[in-house]
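> Please see the structure below; I have some questions.
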Amino acid sequence: MTGKFVFIPQEFTSLKNQYDAVIIGSGATGLVAALQARELGMRVVVLEKLDKLGGNTNRASSGMNAAETYVQSRKGIVDEMDKFYQETYQAGGKMNDQNLLRYFVSHAGLAVDWLAAHSIFLNDLTVTGAMSIKRTHRPTSMVPIGGFLITELLKVVQRYDIPVVHKTSVTELVQVDGKICGVKVINQAGQEKTIVAKAVLLATGGFGAGKEIIAKYRPDLLAYKTTNHEGATGDGLVLAQKVGAQLVDMNLIQVHPTVQQDQPHAFLIGEAVRGEGAILVNQKGRRFVNELDTRKVVSNAITALPEQSAYLVLDQSVRNRVKAIEFYDKTGLVENATSLEELAEKIRVPVKTLLATAKRYNELVAKGEDEDFSRSMSLHTLEKGPFTAIHIAPAVHYTMGGIHITDKTEVLDSDGKVIAGLFAAGEVAGGLHGNNRVGGNSIAETVVFGMQAGRQMKVYTDSLKR
């Protein structure tokens, strides 16, 4: 019997003086880029400032969006890349960088294939808000995709013997004659080192936990809690700006509608819970919004309630389809009851109203049309006990703004010129999502642009030899 997989990061003292590429950040973007670059023959190292690897990817729960995939075909789903593009563009307020979006949509299916080629299979499907079709790929075990993806990527990283060094912060990008040619680093004990590199990738994530940057661009959100891990403080943005990088869309910060905030740490309740049939009710026990509208619309609807919070209500059939709910339960985030009457009493909403709401919803499911809120109807009614409720409210979740990049992940300066040797991908980069990120697109972004960064660093370093 094999034990649980454990990846042991390397220590600061193991760092060499020179690599082909330095990758800053150990989330999915950084790990995918490292694997792709290594497969192309590059000597790479991944640097992580925290003790724990994986960054915000560990907190992702729903899945990975892609269109026209083999997984969809096996399940009888006909999808179109153009529809994926249009729905993402519409959800983003038509503010998306169209070059990035077109590349993203046309390569997301290939990214699913790339993962499968590395024995990382996402063979189940669900749907997220603003998407009209099941294109959110996830593991068949239905576990949260983030932790699953980091674990599986680290297994491949271990097989390739790629060094991942933790507790190591980058303090400066070394720039000579306009080219990035290395980094300066420091560990938690204060030891410093300069590493020479032909290319550097910023895969440092966003600034959802960076109060100073939020205060600068969105002071109205300072009082909100965040779903981000403590390391999401925008370090990569600061490093990039110091070498002249341009930032875009910095005021565009996404508030996620369903976050459990009754404990000291806020827990995101993944969009798959709503995608698989849960409903939202207010303190009066009534539905008040299309649960599968964009995150922006749903968040605004909750904030507009007198109590500025709501309850996700679901039954056992939803729990069977979203395994993350078991984690939420073990963490103490849910209320359970054998009947809807008991549940209503536990969450202090009118019993008769909640019963009437559930009855009406089930009737709409049977009709196949949500005449009340125009939701794309789930095929599942809410009537199989036991029942569950999760108290939620909006919280800062994702930062759509960041470093201005090309679709080759090259970093642009304030004049729109490429900063040679510097690349950025994942949440640290801005522009892809417009003013609202669609659930399932961030994980897809990490793989699509992680792969692209790995390839383009190889193209760039090869050009130096000519």
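The values are calculated or read from the model by the stated rules, or taken from the named source; none is laboratory data. Everything quoted here is computed from the prediction, not taken from an experiment. As a convention, Cβ positions derive from the backbone with ideal geometry for all residues, glycine included, and neighbour counts pool all protein chains shown. For the accessible areas, the whole protein counts, side chains as well, though only heavy atoms, and no ligand, DNA or RNA atoms are used. Shrake-Rupley method; radii C 1.70, N 1.55, O 1.52, S 1.80 Å.
> Given a Förster radius of 41 Å and the C-beta distance between Lys4 and Tyr70 as r, what FRET efficiency does 1/(1 + (r/R0)^6) yield to the nearest 0.05?
With R0 = 41 Å, the Cβ-Cβ based efficiency is 0.85.
> For region 114-167, what class follows from the C-alpha gyration tensor (a ≥ b ≥ c being the square roots of its eigenvalues): rounded when a/c is under 1.5, otherwise prolate if a/b is larger than b/c, else oblate?
Cα axes put region 114-167 in the prolate bin.
> Separate question: Compute the relative contact order of region 255-396 as a whole-number percentage, counting only Cα pairs closer than 8 Å that sit 6 or more residues apart in sequence.
Relative contact order comes out at 38 percent.
> Just from its helices, what would the mean residue ellipticity at 222 nm be for the chain, if runs of 4 or more DSSP H residues each count -39500 (n - 2.57) and the sum is divided by every residue, rounded to the nearest 500 deg cm²/dmol?
-10000 deg cm²/dmol
> Net charge near Glu80: determine it from the other residues with C-beta under 12 Å of the C-beta of Glu80, scoring Lys and Arg +1 and Asp and Glu -1.
It works out to a net charge of -2.
> So how much slack lies between Thr140 and Leu222, counting 0.36 nm per residue of separation and subtracting their Cα-Cα distance, in nm?
25.7 nm
> Moving to a separate point now. State the antiparallel share, in %, of DSSP beta bridges confined to the chain, rounding to the nearest 5.
For the chain, the DSSP antiparallel bridge percentage is about 70.
> Starting with the highest mean, order 434-447, 117-130, 212-225 by the number of other Cβ atoms within 10 Å, averaged over the residues of each peptide.
Highest to lowest by the protection proxy: 434-447, 117-130, 212-225.
> For region 71-126, state the average projected area of the convex hull of the C-alpha atoms over all orientations, rounded to one decimal in nm².
For region 71-126, averaging the hull's shadow over all directions gives 4.3 nm².
> Further question on the same structure: Given a cut-off of 24 Å, name the pairs among Lys284/Lys330; Lys49/Lys94; Lys16/Lys198; Lys16/Lys458 whose C-alpha atoms lie farther apart than that in the structure shown.
Checking Cα-Cα distances, Lys284/Lys330; Lys49/Lys94 exceed 24 Å.
> Then there is this: Rounded, prolate or oblate: which fits region 255-396, taking a ≥ b ≥ c as square roots of the Cα gyration tensor eigenvalues, rounded meaning a/c under 1.5, else prolate when a/b beats b/c?
rounded
> May I ask you to give the percent of accessible area on region 209-367 that is carbon plus sulfur, with a probe radius of 1.4 Å?
52 percent
> Ranked from highest to lowest mean number of other Cβ atoms within 10 Å per residue, what is the order of the peptides 282-290, 423-431?
423-431, 282-290
> Can you work out the accessible area per residue across region 150-203, with the rest of the protein chains kept in place, probe 1.4 Å, in square angstrom?
44 Å²
> Separate question: Roll a 1.4 Å probe over the protein chains and send me the accessible area per residue for region 1-43 in Å².
50 Å²
> Let a ≥ b ≥ c be the square roots of the eigenvalues of the Cα gyration tensor of region 178-307; is it rounded (a/c under 1.5), or, if not, prolate (a/b larger than b/c) or oblate?
Prolate.
> For the chain, what log10 I(q)/I(0) values come out of the Debye formula at q = 0.06, 0.10, 0.11 1/Å, with one point per alpha carbon and no solvent?
-0.26, -0.70, -0.84
> On to the next question. Could you give the accessible area per residue of region 255-396, probe 1.4 Å, as a whole number in Å²?
Computed with neighbouring chains in place, this is 42 Å² per residue.
> Distance from the Cα centre of region 53-92 to that of region 247-264, in angstrom?
Cα centroid of region 53-92 versus Cα centroid of region 247-264: 21 Å apart.
> Could you sort the peptides 383-395, 169-181, 249-261 by per-residue average Cβ neighbour count (10 Å cutoff), highest mean leading?
Those peptides, ordered most packed to least, come out 249-261, 383-395, 169-181.
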